[in-house]
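First up is the structure itself, then whatever we jot down about it.
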Amino acid sequence: MRLTKLSVPPYRLRGDIAKLECAHELEGDRLYSVKWYKDNEEFYRYVPRATPAQHSYRVDGVRVDHHLSDSMQVYLRSLTLRSSGVYRCEVSAEAPSFSSASGEGRMEVIFPPKEPPRISGGKNTYERNNDLVDLNCTAGRSHPAATLRWYVNDRPVSVVLLANKYPRVSLSFESLKIFTLCSVIYLT
């Protein structure tokens, strides 16, 4: 017995469907079971001789679509941030060999910001010398946290310049693993 294909999508959007594949060749053995685990907790079992052949277990963040799932693939619907984790497939043969094969992959569920970052503060015009520029850039809710970069006249502001001008970066945890990122820049 051997796995011929193991496929776990590395990234999916919150609310999407994920197809996990575990193709295998029995090489003369008879299939006993196919089991799927999320973070080492079993959530799906396919046993062809059982009635019904499919069974799923309650695991946080996992909702199996039984109509689309079988011995070679499992479909997860309505993905949430809690669906992120390591997924492992384990295929076992019946007696006399009792051979098995397994493989795993990591899936991260992401939640991009719904709107572009907002810049606030500042004035319409500045004097050339010694005029303080105090701006705030806030990215909307997301997972993982957004990365904010500052540009002045279409040129990136260097990390050294930011560090010398006392930037503030803060994260706000509005719910499980959803971040609002705020960055402040002071230029003189």
Among 57-66, 112-121, the order from most to least packed when residues are scored by Cβ within 10 Å on average: 57-66, 112-121
Candidate aspartates and glutamates for bridging to residue 19, where Cα separation is under 13 Å - those fewer than 8 sequence places away on the same chain excluded: 65, 70
Full-extension gain in nm, residue 127 to residue 51, via 0.36 nm per residue minus C-alpha separation: 19.5 nm
Fraction of alpha-carbon pairs over 20 Å apart in the stretch 1-133 - percent: 53 percent
Solvent accessible area, Å² - residue 98, 1.4 Å probe, full protein context: 140 Å²
For the stretch 80-124: rounded, prolate or oblate by the Cα gyration tensor [a/c cutoff 1.5]: prolate
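The values are calculated or read from the model by the stated rules, or taken from the named source; none is laboratory data. Owing to the predicted nature of the structure, the values given are computational and were not obtained by experimental measurement. Don't worry about glycine lacking a Cβ; one is built from the backbone with ideal geometry, like all the others, and counts go over all protein chains shown. Accessible surface is based on the protein model in full, side chains and every heavy atom, while ligands, DNA and RNA are left aside. Shrake-Rupley method; radii C 1.70, N 1.55, O 1.52, S 1.80 Å.
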